[in-house]
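Novice: I have a structure here, written as structure tokens, and I will follow up with some questions on it.
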Amino acid sequence: MEYSFIDIEQKWQKSWKDNGTYSVSNDSDKPPFYVLDMFPYPSGAGLHVGHPLGYIASDIFSRYKRLKGYNVLHPMGFDSFGLPAEQYALETGQHPADTTEKNIATFKRQLDKIGFCYDWDREVRTSDPDYYKWTQWIFLKLFNSWFDHDLKKARPMETLIERFEKEGADLTLKHTPSIFTAKQWAEFSKAEQADVLMHYRLAFSAYGEVNWCEALGTVLANDEVVNGVSERGGHPVVKKKMRQWYLRITDYADRLLDGLHTVEFSESMKEMQRNWIGKSEGAELDFKVHSELTSNNSTEAEPKNITVYTTRPDTIFGVDFLVLAPEHEMVQQLTTADQQEAVATYLSYVKSRSDRERMADTKHITGCFTGAYAVHPFTENKVPIWIAEYVLSGYGTGAIMAVPCGDQRDFLFASHFNIPITNIIGHHFTGNEAHPSKEAVLENSGFLTGMIMRDALPVAIDKMVEMGIGKRKVNYKMRDAGFSRQRYWGEPFPVKWLDGVATAQDENQLPLTLPHVEKYGPGPEGEGPLANIASWKEQQYETSTMPGYAGSSWYFLRYMDPKNSNAFCDRKASDYWGQVSVYIGGTEHAVGHLLYSRMWTKVLHDLDLIGFDEPFRRLVNQGMIQGSSRFVYRIKGTQTFVSYGLIKNYETDKLHVDVNIVNGLELDTSAFKKWKPDFASAEFILEEDGKYICGSEVEKMSKSKFNTVNPDDLVLKYGADTFRMYEMFLGPLDQSKPWDTKGIEGVHRFLRKLWRLFYDEVNGKIWSEETPSAAELKVLHKTIKKIDADTEHFYFNTAISAFMVCVNELSDLKCYKKVVLEQLLVILAPYAPHITEELWHALGHEISVLDVTFPVFEEKYLTEQTKDYPVSINGKTRTNILIDLNAEQSEVEALVLSNEVVQKWMEGKTPKKIIFVKGKMVNVVV
RNA sequence: GCCCAGGUGGCGGAAUUGGUAGACGCAGCAGACUCAAAAUCUGCCAUUCGCAAGGAUGUGCUGGUUCGAUUCCAGUCCUGGGCACCA
């Protein structure tokens, strides 16, 4: 009897569906276990082999936990708001809702073929009004909450208003724009009060910079800006200030850091989040602007101080200049008359540069002197004030004190502009490069001279505080998260602008549904497409929409109670399931999505809406499946293609070619001619052996690079079980690897070989009721042990090789015994659910192999008496000697030294030392 | 530029706690079965010297620690991911 995977897979997929095998109840005696995938954005290109990698892993794990006796929640849904659907709408005029619907249908059909155990009754879609009603509802919670720094938690705005009514605000209250008394508060106008409150709301509105493209009249995503111009049309892009919504995630910075101690994320993942949050401790320090300036710019009465942020106040005596971010608010005021023109030129240059360019391009040192000077607070020397793009306005105070002898960027800047460098660390500073250290002894440093820098740090701060020119300051690299987009395909804000005051809508009126628009282009003044709708504008609704991450910041909660129309998630449901037990997804979400969803969870927890404040107990990262692109080389201006080995002789253009018409590196030239009409008349210059060899490169898998492989084709040809196991067999889950279909045959052969343990071509059924031998039980239990441990740790590639070893060994032993085989089926079921279900029922079982218990490994079958010890002389293995496992050092030494090979290598010398590690090895040192 | 990860045969990878480098699989080679093919089975398969026995070299590169290093440390090169409006 043949292994006909197509029939088997169809049969069981239908059976599981009909019997509701995967439906999950919130009411069970079993302990809950929640396995979650990062839900996909349903792109128009459909699923490629990269998508299922994590889904297969989570599916295996879910089934494994089910066999281990858990009630497993394993849902799937779609992150269906987003930019690509809108861009597609712009190009084709098709409504994003329609294309999204279509794409989701394709995704679901493709996912189902792979045999995942999702409970589709719990599916969520972020673009569904029944879903985004609750996204808007949570937004209102954020809007109506503030972060109480005394209690370190979010509280309703009413509590803050009460406080203002009773006590007003003093400087101890973070964020307050001014100090006021209770009486003054009462006298504020509504707009003034709203303005103060806006400084506290967790979702707030403020002005911020966006990528502005004048020619397109629209705001662009970073992704849409390539080399400083718009991707569409290649128009110039500049930064522009616009009113935006933000989430006050910075208030949660410390809790986001602390929370990392309570979760199982990889150390590198935690490290990335810590670096993103970027907590640093230092000081803010005021520099007086030199009085010369007042005479130059006499209109300004009093020169302000420049406040810099530094993590190294100990290096204060090494300050040779100050640098302001070009966007710093004091730049205009500081610039002297003769520097006006130079500064203006520099500012227009900076406006065209992205933050990324500004940080990455350290080879070109740019900057401009303002003409102004500050006064050093201790030496009273004149310190020139510069502006430069390497100082970013968003970090610290947007101004730094430059210490060239200790900071490499400052050093390069000083060298480039010939600014004299003060040395405060003696011989540590060579004059060729900066010496960034905290261990050097300070010289030439006034009251700090003679101290080690590390010790001088607090002394310096104390002195600055005492003089009233500085204070300790904790700083975060993380900024508040931009939360609005001038786009159509996202959640509308349930907010109206009444007399310039953002006014939250009543939650009973939710959802505020996304209205239909005629065109998807921008509104006037760079507003979103919603601004083109007269009725929307008349009602004074906010015209921007929420960003992609809004819906994905809480979807894991909705799965617990997906149909609830009275709450985002019933408290009983979230208390039953609790945190996500294991969350699986790519590291590309390391900082964005994970931080946002962690923040939302903390807010919901603070407001007592859920019982946990970290969403994900354990995080498993899968690597990216990369595409292996192939290239052909066309001689410029012709239809002649040159094989890779010969391209040096010609001037060629490099073109992507479909990987599916290339075998290894050899192009199928006739398939190539048929591939695109343009190439029908293609001619080739071939290698000596008559082949056309393609170039290759590893890149992101994408339709435009013609390097995608569709899982449907593979499932059709080899079956879902083979496909699932092959994806897992490729390598460690967390490692990125290029896709190569070549090896899939091996896994398919393995499943057929498994099949032949049950069925013989001639005799049909061959399994027996015989009692297994010790050797057979050893093979079985060795495998159970390995599979159990590897599955728990997501080491699926080694688990699969253990299955292969097991089936190879059972075949060699001609073991067709039911007792052994049925246990093998159970442990294999998570990996290959279809074939195991088929064989399990063939063995006579009525219930599904999903609902049995994972076999228990028993040590007694594995115990060994002896070991074939590797014996090395001076660390080089020379021979193996079979020794009793219980043998002690002295016995072993005697056995080893009497060995012929050992004696030969010892060349008659006496051993200095014999190292014996029980159960491992012996090493003789001569 | 900054942050994170990775670099082992022709290829994907294994060695999970410092202890026999190359498990398992692909590709390849030789053979068995077959009229033939497919399927299946058996053997070989890091490089190099050697008829062989056996030896030397070998985990990106340069050093270090150790009886012993793919594994630990320092430096360096290369590749991939992220860097705040792609998701």
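Novice: List pairs: first residue in the stretch A:464-475 and touching a residue at least 40 places away in the same chain (Cβ under 8 Å) and basic (K, R), second residue surrounded by 13 or more Cβ atoms within 10 Å (Cβ to Cβ) and part of a strand (DSSP E or B) anywhere in the structure, Cβ distance under 8 angstrom, at least six positions apart or on different chains.
Specialist: A:K471/A:A283; A:K471/A:E284; A:R472/A:G282; A:R472/A:A283; A:K473/A:G282; A:K473/A:A283; A:K473/A:E284; A:K473/A:Y309
Novice: Now for a different question. Here are some residues: A:Y373, A:Y309, A:Y390, A:Y346. Which one is modelled with pLDDT of 90 or more, hydroxyl-bearing (S, T, Y), closer than 21 Å to A:G228 by Cα and not assigned by TED's automatic domain parsing to the domain that holds A:D223?
Specialist: Numbers: A:Y373 fails: closer than 21 Å to A:G228 by Cα; A:Y309 fails: closer than 21 Å to A:G228 by Cα; A:Y390 fails: modelled with pLDDT of 90 or more.
Exactly one residue qualifies, and that residue is A:Y346.
Novice: Are any residues in the stretch A:546-572 of a type in the set (A, V, I, L, M, F, W, C), more than 14 Å from RNA strand B (Cβ to nearest atom), more than 17 Å from the chain's Cα centre (by Cα) and buried (at least 21 other Cβ atoms within 10 Å of the Cβ), and if so, which ones?
Specialist: A:L557, A:M560, A:F568, A:C569
Novice: Still on this model: Surrounded by 18 or more Cβ atoms within 10 Å (Cβ to Cβ), modelled with pLDDT of 90 or more and small (G, A, S) - does that describe any residue in the stretch A:312-321? Please lay out each step first, then the result.
Specialist: The first filter runs over the stretch A:312-321 and keeps only residues surrounded by 18 or more Cβ atoms within 10 Å (Cβ to Cβ), leaving A:312-321.
Keeping just the survivors that are modelled with pLDDT of 90 or more gives A:312-321.
Those left that are additionally small (G, A, S): A:318.
Within the stretch A:312-321 (the criterion being surrounded by 18 or more Cβ atoms within 10 Å (Cβ to Cβ), modelled with pLDDT of 90 or more and small (G, A, S)), the answer is yes, since at least one residue qualifies.
Novice: Look through the stretch A:720-779, keep the residues that are assigned to a loop (DSSP other than H, G, I, E, B) and aromatic (F, W, Y), and return whichever of them is farthest from the chain's Cα centre (by Cα).
Specialist: Quick first cut of the stretch A:720-779, residues assigned to a loop (DSSP other than H, G, I, E, B) only: A:730-736, A:739-740, A:756-758, A:761-763, A:766-767, A:769-773.
Those still in the list that are aromatic (F, W, Y) too: A:739, A:758, A:767.
Values: A:W739: 21, A:F758: 44, A:W767: 48 Å.
Applying the filter and picking the extreme gives A:W767.
Novice: Among the residues of the stretch A:717-732, count how many are more than 9 Å from RNA strand B (Cβ to nearest atom) and touching a residue at least 40 places away in the same chain (Cβ under 8 Å). Full working, then the answer.
Specialist: Our first condition is that a residue be more than 9 Å from RNA strand B (Cβ to nearest atom); within the stretch A:717-732, this holds for A:717-725, A:727-728.
From what's left, touching a residue at least 40 places away in the same chain (Cβ under 8 Å): A:718-725, A:727-728.
Selection size over the stretch A:717-732: 10.
Novice: Here is a further query. Given the options A:S704, A:S696, name the one that is of a type in the set (S, T, N, Q), surrounded by fewer than 17 Cβ atoms within 10 Å (Cβ to Cβ) and closer than 30 Å to A:I56 by Cα. Spell out how you get there, then give the answer.
Specialist: On the way: A:S696 fails: surrounded by fewer than 17 Cβ atoms within 10 Å (Cβ to Cβ).
On inspection, the qualifying residue turns out to be A:S704.
Novice: Sticking with this one: Can you tell me which residue among A:R630, A:R598 is out of contact with any Asp or Glu (no Cβ under 7 Å at 6 or more places or on another chain), within 16 Å of RNA strand B (Cβ to nearest atom) and not aliphatic (A, V, I, L, M)?
Specialist: Details: A:R598 fails: out of contact with any Asp or Glu (no Cβ under 7 Å at 6 or more places or on another chain).
When all the criteria are applied, what remains is A:R630.
Novice: A:Y795 - would you say it is in contact with a Pro (Cβ under 8 Å, 6 or more places away or on another chain), within 14 Å of RNA strand B (Cβ to nearest atom) and of a type outside the set (S, T, N, Q)? Lay out the reasoning, then the answer.
Specialist: Values: in contact with a Pro (Cβ under 8 Å, 6 or more places away or on another chain): yes; within 14 Å of RNA strand B (Cβ to nearest atom): yes; of a type outside the set (S, T, N, Q): yes.
In short, yes.
Novice: Further question on the same structure: For the subset of the stretch A:897-917 comprising residues that are of a type outside the set (A, V, I, L, M) and surrounded by 14 or more Cβ atoms within 10 Å (Cβ to Cβ), which member is farthest from RNA strand B (Cβ to nearest atom)?
Specialist: So the first thing to find is which residues in the stretch A:897-917 are of a type outside the set (A, V, I, L, M), and the list is A:898-900, A:903-905, A:907-913, A:916.
If we keep only those that are surrounded by 14 or more Cβ atoms within 10 Å (Cβ to Cβ) too, we end up with A:899, A:905, A:911, A:916.
On the way: A:N899: 13, A:W905: 7, A:P911: 11, A:F916: 9 Å.
Selected residue: A:N899.
Novice: If only one of A:V856, A:V820, A:V849 is away from RNA strand B (no atom under 15 Å from the Cβ), surrounded by fewer than 14 Cβ atoms within 10 Å (Cβ to Cβ) and in contact (Cβ under 8 Å) with a residue 24 or more places away in the chain, which one is it?
Specialist: Details: A:V820 fails: surrounded by fewer than 14 Cβ atoms within 10 Å (Cβ to Cβ); A:V849 fails: surrounded by fewer than 14 Cβ atoms within 10 Å (Cβ to Cβ).
Going through A:V856, A:V820, A:V849 in turn, just one is away from RNA strand B (no atom under 15 Å from the Cβ), surrounded by fewer than 14 Cβ atoms within 10 Å (Cβ to Cβ) and in contact (Cβ under 8 Å) with a residue 24 or more places away in the chain: A:V856.
Novice: Between a first residue in the stretch A:782-797 that is among the charged types (D, E, K, R) and a second residue that is more than 10 Å from RNA strand B (Cβ to nearest atom) and at pLDDT below 95, which pairs have beta carbons less than 7 Å apart while being 6 or more apart in sequence or on different chains?
Specialist: A:K782/A:L862; A:K785/A:F857; A:D788/A:F857
Novice: Look through the stretch A:733-785, keep the residues that are near RNA strand B (Cβ under 7 Å from one of its atoms) and in contact with a helix residue (DSSP H, G or I) (Cβ under 6 Å, 6 or more places away or on another chain), and return whichever of them is nearest to A:A57 (Cα to Cα).
Specialist: A:V747
Novice: Next question, about the same structure. Can you tell me which residue within the stretch A:207-256, out of those that are away from RNA strand B (no atom under 11 Å from the Cβ), of a type in the set (D, E, K, R) and assigned to a helix (DSSP H, G or I), is surrounded by the most Cβ atoms within 10 Å (Cβ to Cβ)?
Specialist: The selected residue is A:D251.
Novice: Any residue at all in the stretch A:457-479 that is polar (S, T, N, Q) and crowded, with 22+ Cβ neighbours inside 10 Å?
Specialist: We begin by selecting, within the stretch A:457-479, every residue polar (S, T, N, Q); these are A:475.
With the extra rule that they be crowded, with 22+ Cβ neighbours inside 10 Å, the set shrinks to none.
So far as the stretch A:457-479 goes, no, none of its residues is polar (S, T, N, Q) and crowded, with 22+ Cβ neighbours inside 10 Å.
Novice: Which number in (1) under 21 Å from A:P511 (Cβ atoms); (2) in contact with a His (Cβ under 8 Å, 6 or more places away or on another chain); (3) not aliphatic (A, V, I, L, M) marks the one condition that A:Y200 misses?
Specialist: (1)
Novice: In this structure, does A:R598 turn out to be touching a residue at least 24 places away in the same chain (Cβ under 8 Å) and touching a strand residue (DSSP E or B) at 6+ places or on another chain (Cβ under 6 Å)? Break it down into steps so the answer makes sense when it comes.
Specialist: On the way: touching a residue at least 24 places away in the same chain (Cβ under 8 Å): yes; touching a strand residue (DSSP E or B) at 6+ places or on another chain (Cβ under 6 Å): no.
It is false that A:R598 is touching a residue at least 24 places away in the same chain (Cβ under 8 Å) and touching a strand residue (DSSP E or B) at 6+ places or on another chain (Cβ under 6 Å).
Novice: Let me ask something else. I'm checking my understanding of the structure. Among residues of the stretch A:573-606 that are more than 23 Å from the chain's Cα centre (by Cα) and closer than 19 Å to A:D258 by Cα, which one is surrounded by the most Cβ atoms within 10 Å (Cβ to Cβ)?
Specialist: A:D606
The values are calculated or read from the model by the stated rules, or taken from the named source; none is laboratory data. Since the model is a prediction, treat every value here as computed from it, not as a measurement. In this analysis, Cβ positions are derived from the backbone assuming ideal geometry, glycine residues included, and neighbour counts consider all displayed protein chains.
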